[in-house]
1. Rounded to whole Hz and in sequence order, give me ³J(HN,Hα) for the range 13-24 from the Karplus expression 6.51 cos²θ - 1.76 cosθ + 1.60, θ = phi - 60°, writing x for Gly and Pro.
2. If ligands, DNA and RNA are left out, what is the accessible area of S41 with a 1.4 Å probe, given in Å² to the nearest 10?
3. Top to bottom by accessible area (1.4 Å), largest first, where do M1, M15 land?
4. Let me check something: with ligands and nucleic acids excluded, how do H117, H178, H7, H72 order by accessible area (1.4 Å probe), largest to smallest?
5. Loop-only trypsin sites (Lys or Arg not before Pro) in the range 1-71, please: DSSP not H, G, I, E or B, and at most 12 other Cβ atoms within 10 Å.
6. Near the amide H of L65, under 5 Å away, which other amide H atoms are found, from residues 5 or more places off or on another chain, if H is placed in the peptide plane?
7. Ratio of alpha-carbon Rg to the 2.2 N^0.38 Å globular estimate for the range 37-114, to two decimals, please.
8. How much area per residue is accessible in the chain when the probe is 1.4 Å and only protein heavy atoms are counted (Å²)?
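The values are calculated or read from the model by the stated rules, or taken from the named source; none is laboratory data. Note that the coordinates shown come from a computational prediction; the quantities given were computed from them, not determined experimentally. Neighbour counts run over all protein chains shown; Cβ positions are idealised from the backbone, glycine included. Keep in mind that these areas ignore ligands, DNA and RNA; they rest on the heavy atoms of the full protein, side chains included. Shrake-Rupley method; radii C 1.70, N 1.55, O 1.52, S 1.80 Å.
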Amino acid sequence: MYDLHTHTILSDGEMLPTELIRRMAVLGYTTVAITDHSDTSNTGEIVASLAKIRESAKIFGVRLLCGVEITHVPPSQIADLAKYAKEQGADIVVVHGETTVEPVAPGTNLAACGCRHVNVLAHPGLITIEEARLAAKNGVALELTSRGGHNRTNGLVAQIAREAKCQIVVDSDAHAPHDLLSERAKYIVAKGAGLTDAQCKEVISLNIDQFLGL
Ligand SMILES: [Zn+2]
Ligand SMILES: [Zn+2]
């Protein structure tokens, strides 16, 4: 099991990075990305801090992916910041997409879908087919989320992603222990978005190393 979108006290989450990893290990996760909120003020610091718990994660049997979630950054700056995050050693870059419950700047989805340094567009709201086709071309996955509010458009995201032949991922966007998902809960998010059983299985058991090219 994987989760490519989680938060810790390095931004607005409640758990220490190591606590999150420990809880995920107990739930049976093998790959966990910690992707704290970042902008131009803190991207390098988050990646550097997360690198310090690689050994702890390994001891608990979890493959840690050090990452960031580029959040509320002007769309014209997203590509450069994503590139910078990778240069600083990030394994994964998530972009905080145009969720319908926050005033995310219009153009954020397009900027993320057009950037090959971005791996996941989180909660992309009312994403268009043109944006999704661009995402497919650049290897950017579109996210189905369990997070309240952000999850309102999961059905549309799944439909557009399939039409554009775009990779789909299911993440928790966890900020607290009760946000973490069991395998059954992940399945419900995927199935509830309209995926078939076979598609749910494929999405939930995605080979992350292959997807990220690690
Ligand atoms: Zn947050
Ligand atoms: Zn998030």
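1. Couplings: x, 9, 9, 5, x, 5, 5, 4, 4, 4, 5, 5 Hz.
2. My reading of the accessible area for S41 is about 80 Å².
3. Details: M1 50, M15 0 Å².
Most to least solvent-accessible, the answer reads M1, M15.
4. On the way: H117 40, H178 155, H7 0, H72 95 Å².
Putting H117, H178, H7, H72 in descending order of accessible area: H178, H72, H117, H7.
5. Working: sites: R22, R23, K52, R54, K58, R63; in loops: K52.
When the trypsin sites (Lys or Arg not before Pro) of the range 1-71 are filtered for loop state and at most 12 Cβ neighbours within 10 Å, K52 remain.
6. Here the answer is V32, A33, I34, since their amide H atoms fall under 5 Å of that of L65.
7. On the way: Rg = 13.6 Å, N = 78, 2.2 N^0.38 = 11.5 Å.
Here the Cα radius of gyration is 1.18 times the empirical estimate.
8. Working: 9160 Å² over 214 residues.
Per-residue accessible area for the chain comes out at 43 Å².
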